[in-house]
Amino acid sequence: SIVVVTRNRADKLTRCLDALSLAMSGRRDCEVVIADNGSTDRTASLVRERAGTDERIRLVQESAPGLPRAFNAAVGTTRGDIIGCIDDDCYVTPSYVTDVLAIFDALPALDYCGGRILLYDARDARLTIQERTVRRDYEPY
């Protein structure tokens, strides 16, 4: 399952869903749950339209403000054993689903993982990117 939380960013979400569709190509065992956190733009209609052509996409609406609330509402509806979380302005690589599943297959005791986050638009601030190519392990708290 892949969870995407969004609010009033239908333009970004369109590109995100395009990338996810490519990454899920040929896979019927994946789903995308979009958590709409009170959007007033065309977000809900966009997701419903996409869900009409791809049954692996679902919409969960959470009107109470806050990313954690929307995220938890979406996670509560997921069907997968593994949950991937991405932002609505994230454009995953075509191998994203395969790569994530390979990590959990190779390391069955693994509880969570993260990956590279590259800057898509050079004009954006470099605040949340992660360009490291060498694996780094973090111990749980």
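The values are calculated or read from the model by the stated rules, or taken from the named source; none is laboratory data. Worth saying up front: this structure is predicted, and the values here are computed from it rather than measured. Cβ placement follows ideal geometry from the backbone for every residue including glycine, while neighbour counts extend to all protein chains displayed. The protein model used for the area step is the full one, side chains on, heavy atoms only, and it has no ligands, DNA or RNA in it. Shrake-Rupley method; radii C 1.70, N 1.55, O 1.52, S 1.80 Å.
A few remarks follow.
- Protection proxy ranking for 82-89, 32-39, using the average of other Cβ atoms within 10 Å per residue and placing the highest first: 32-39, 82-89.
- Rolling a 1.4 Å probe over the heavy atoms of the protein chains gives segment 16-141 an accessible area of 68 Å² per residue.
- You can think of it this way: the chain between L107 and T53 has 16.0 nm of extra reach, that is 0.36 nm per residue less the Cα-Cα gap.
- Sites R79 and R15, calculated FRET efficiency, Cβ-Cβ separation with R0 25 Å, nearest 0.05: 0.50
- Rounded to 0.05, the FRET efficiency of the T98 and A64 pair, given R0 = 25 Å and the Cβ-Cβ distance, is 0.10.
- For the pair segment 30-58 and segment 90-107, the centres of their Cα atoms are 22 angstrom apart.
- Where GluC sites (Glu not before Pro) in DSSP loops with at most 15 other Cβ within 10 Å are excluded, longest remaining stretch of the chain: 56-130
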